[in-house]
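Worksheet for the structure shown next.
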Amino acid sequence: MTVEEKLHELETASYFGVLRYGRSYTNVLYVFLTFPLGLTLFIYSAVCLPLFAGLSFIIFGLLLLYLYLWSLPKIMVAYGYLTQLFVGLPVPDKDYTPKIEGTFFTKAFNALKDKRIAKSLLYTLFLALPYGTFVFSVMTFMISLAGGLIAAPIVYAVRWSQGLLLEWWELWIHNLPNWAEVLIMVALVLLGLLLIPAVLQLSNKLAIWHARMIQKALTR
């Protein structure tokens, strides 16, 4: 079984079992990092590639294009080590030195023949930013939902003490006995607490899936 095919320990963790893994919490930070890193990689490739490709008819442009292509796999290796640190999936090819044949003037073009460089280019241009944006949106919603439910009794108490309750909410909940109001608040808190493992499960799945994407980009 190859590195990419091995199951991560968090992929087999039970619903509440994820709470006892330290990586469940580092994965939350990791998936949030995919957005700024993805944006940075996209800007880097979207600016450099067309600019240097347009200047490739001169020697200086060829040099810049070569340096850009040379930098892509180096950046992906650094990303791979970040993935290894947070998620725990190893970098599949630590000795990452693309073998590019040809003279100095043809290396910029021959570099495209290295599959890892092509996959790194594909990732930075088309996958990094959309994935980071999707993950950031989903995780922000889930964490906000869980936090809002847990904090519901505090928010209700503060707004009630200041007379700031919404009219429809006030009419509905004030028609209930006090014990029912307490039960509703307790239920909201419990629901929020039950969502915490769901948030961790989701972040683990997203982090592992993204880590395998990085691994594939670094595979010869």
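The values are calculated or read from the model by the stated rules, or taken from the named source; none is laboratory data. Model, not experiment: these values are computed from the prediction. Quick reminder, even Gly has a Cβ in these numbers, built from the backbone with ideal geometry, and neighbours come from all protein chains shown.
Is it fair to say Phe35 is under 30 Å from Ser144 (Cα atoms) and in contact with a Gly (Cβ under 7 Å, 6 or more places away or on another chain)?
Answer is yes for this residue.
Here is a list: Leu165, Leu145, Leu176, Leu171. Which entry is modelled with pLDDT of 85 or more and either assigned to a helix (DSSP H, G or I) or more than 30 Å from Thr34 (Cβ to Cβ) (or both)?
Leu145
For the stretch 114-128, enumerate the residues that are farther than 13 Å from Ile43 by Cα and touching a helix residue (DSSP H, G or I) at 6+ places or on another chain (Cβ under 9 Å).
Asp114, Arg116, Ile117, Ala118, Lys119, Ser120, Leu122
Please find, among Leu41, Leu72, the residue that is modelled with pLDDT of 85 or more, among the aliphatic types (A, V, I, L, M), over 14 Å from the mean Cα position of the chain (by Cα) and surrounded by 12 or more Cβ atoms within 10 Å (Cβ to Cβ).
After ruling out the rest, the residue left standing is Leu72.
If a residue has to be more than 26 Å from Ala128 (Cα to Cα), aromatic (Phe, Trp, Tyr) and in a helix (DSSP H, G or I) to count, how many in the stretch 48-76 make the cut?
Final tally of qualifying residues: 1.
Out of all the residues in the stretch 185-197, is one or more at pLDDT 90 or above and within 30 Å of Lys74 (Cα to Cα)?
no
I need the full set of residues from the stretch 9-31 which are touching a residue at least 12 places away in the same chain (Cβ under 8 Å), more than 12 Å from Val87 (Cβ to Cβ) and outside any helix (DSSP H, G or I), in order please.
Selection gives Ala13, Tyr15, Phe16.
Give me the residue from the stretch 125-159 that is surrounded by fewer than 14 Cβ atoms within 10 Å (Cβ to Cβ) and among the hydroxyl-bearing types (Ser, Thr, Tyr) and, out of that set, farthest from Ser203 (Cα to Cα).
Ranking the candidates gives Ser144 first.
Which of (1) touching a helix residue (DSSP H, G or I) at 6+ places or on another chain (Cβ under 6 Å); (2) closer than 30 Å to Leu191 by Cβ is the odd one out, the single condition Pro73 does not satisfy?
Going through the list (1) touching a helix residue (DSSP H, G or I) at 6+ places or on another chain (Cβ under 6 Å); (2) closer than 30 Å to Leu191 by Cβ, Pro73 breaks only (2).
Answer yes if at least one residue in the stretch 96-113 is at pLDDT 85 or above and part of a helix (DSSP H, G or I), and no otherwise.
No; the residues of the stretch 96-113 include none that is at pLDDT 85 or above and part of a helix (DSSP H, G or I).
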